[in-house]
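FYI, it's all coordinate maths here, none of it is from the lab. Keep in mind it's a predicted model, so treat the numbers as computed, not measured. Reconstructed Cβ throughout: ideal geometry from the backbone, glycine too, with neighbour counts over all protein chains shown.
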């Protein structure tokens with residue numbers, strides 16, 4: 001009985017490299033099984049186990065996700081982190097139209113108000129981190145600091 005090695009790789013981008021590795025193993029008397037974990041059609045090597053078979057062996061039974069748009073990516077990322085949200089309750093109310101008199105900081109960085117990569121007030125007691133600020137907040141342990149002038153904020 002000869003040794004057998006399972007090679008798992010993204011054959012859409014590294015097919016030629018896996019073909020070379022497989023040949024080197026064969027020369028040394030080692031059999032191999034090549035499984036494709038790539039997103040696109042394989043190039044440079046023919047897999048023994050295709051992408052569909054790899055996907056069928058996963059819990060979700062689905063192939064790798066390739067987002068069509070930035071919003072698809074963000075939406076899917078939010079689902080992956082179990083519904084984590086970039087909406088934060090202020091534990092009080094801000095006067096509408098006065099929200100930009102406040103300061104929101106994420107990990108010691110002041111965020112721009114009403115900006116695609118900062119924050120927006122979505123109702124009188126909730127703000128939404130947006131764009132890269134939301135991505136940073138969801139991707140690592142973060143500290144958020146909010147401060148508003150007394151004349152525009154009423155705590156609960």
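For region 1-39, the set of residues classified as part of a loop (DSSP other than H, G, I, E, B) and surrounded by fewer than 13 Cβ atoms within 10 Å (Cβ to Cβ) consists of 1, 2, 3, 28, 29, listed by residue number. Filtered by the rule that a residue be surrounded by 13 or more Cβ atoms within 10 Å (Cβ to Cβ) and closer than 22 Å to residue 68 by Cβ, region 44-53 gives a lone residue, 51.
A count restricted to region 96-109 and to residues that are assigned to a loop (DSSP other than H, G, I, E, B), out of contact with any strand residue (DSSP E or B) (no Cβ under 8 Å at 6 or more places or on another chain) and touching a residue at least 40 places away in the same chain (Cβ under 8 Å) stands at 1. Taken together, the residues in region 130-156 that are within 16 Å of the chain's Cα centre (by Cα) and surrounded by 16 or more Cβ atoms within 10 Å (Cβ to Cβ) amount to 8.
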